[in-house]
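Read through the structure below, which is laid out as structure tokens, and then see the notes.
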Ligand code: HEM
């Protein structure tokens, strides 16, 4: 019997308030449970109802545990606007960048940023991505043991800088920028669940964060100023932003009350920082998990080798191979289902009194949703804990409808703008690595711990160069 029947139904009666999740303690609420085992806590919530109230430190929210209701939220970004603790903290770093800006600014900003992600630009980005993987793996040696999350992060950061700036940074500037970006990203998540007063105390952690943020700001501002001298489209992300014009804007300067038809220097800085942080660690986490999951599933590994050998036929991978890399694509999709990067929790703020799932939600309520919890619901994904790339095979597809239950990239108008970019990068890198290397976790690495952004913490894997006789054609 599917465990859907064990799920408690919540049919709210008029005037009923959203119930509180069980196990909360006075003052700290669910903080102890959530901080001790965040994944277990999130996954326990849907069993108590479609909507449930949680309180974790400063975060007090109504958690939506039903994909259809989550979809209603994502499709109405005026009533459920960006906001809540996560975005308040992230806004301190990215200003009103595309991820953090409110509904009132979003449509213009999205129109201005969208051309940078047009399909026609993807082949240029894909070239930089495959060169990045080739450069990284040229340093790999047979028998070497490497920390895969760190390797993948250096790959995706490198790729992000190359696609964004077209290789204008020295290796040393690049290293510094990468390390600052990682520090800022990790600290932002940590600071979300820490009371604001503690974030202002000059602890070593807070000082590290302030230093990294200042470094990041200065370098990015500098890069933009240099690029503005000659604002031509060179095929990279930044020059697409520099040359983008919004036909829907009045053409006036924002200071004059109208909406400028191009991005200002501050907006450019916000977008560059947003891409750096939103677009690097997410894909690195995906790749590290994918390599690990493939290594733990020998039958999938054999099939992946067979696919890469057949499609690449001994040559390097390119964007043209993408339509034929069916299994590689399914592996990435399934990895993103099980471990949606940064997918523990996203928040929204209710801007006007409304109703959801039969409950009244007053303006000012924080709403939260968790792709991680929703993508492990058995009624949408039979045997939800299993790594099963074939569940994405259109020909074999299981009959269970799961239309709204894949939220790795969010949905509605605020859906991830970099989804194709990320999947392309991950599929190309996975294929390239699998075509030449066999990876296996070293003993003791079988159940990696997880970082707050859902990545494997320190996952050591041993490399072996694949021999011709290993290749299954
Ligand atoms: C596996 C990789 C990625 C994942 C899982 C991911 C996930 C997400 C999610 C869930 C959202 C919506 C957040 C919400 O509902 O509040 C989002 C938005 C966004 N992502 Fe991604 N992302 C990834 C890669 C990227 C890349 C590569 C870029 C850019 C180069 C990027 C840029 C953005 C931007 C700018 C937004 C805001 C879109 C808007 O509000 O209009 N992401 N991402």
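Read the figures in this text as sums done on the coordinates, not as results from a lab. None of these values were measured; they are calculated from a predicted model. Cβ: placed from backbone, ideal geometry, glycine included. Neighbour counts: every protein chain shown.
Here are some notes:
- Mean separation of Cα pairs under 8 Å and 6 or more residues apart, divided by the residue count, gives the stretch 1-146 a relative contact order of 15 percent.
- Full-extension gain in nm, residue 211 to residue 385, via 0.36 nm per residue minus C-alpha separation: 58.6 nm
- Relative contact order of the stretch 157-296, defined on C-alpha pairs under 8 angstrom at six or more residues apart (%): 26 percent
- Per-pair calculated FRET efficiency, R0 = 30 Å: residue 460 and residue 27 via Cβ, rounded to 0.05: 0.15
- Average Cα contact separation per residue, the chain, under 8 Å, 6 or more apart, as relative contact order %: 25 percent
- Computed per residue of the chain from DSSP H runs no shorter than four, each worth -39500 (n - 2.57), the mean residue ellipticity at 222 nm is -15000 deg cm²/dmol.
- For the pair residue 318 and residue 37, a Förster radius of 51 Å applied to the C-beta separation gives a FRET efficiency near 0.75, rounded to the nearest 0.05.
- Modelled this way, with points 7 Å down the Cα-to-C-beta line, the labels at residue 449 and residue 378 are 3.0 nm from one another.
- Working from label points 7 Å from Cα in the Cα-to-Cβ sense, the residue 259 to residue 145 distance is 5.5 nm.
- Proxy reagent accessibility, fewest Cβ within 10 Å first, across 152, 63: 63, 152
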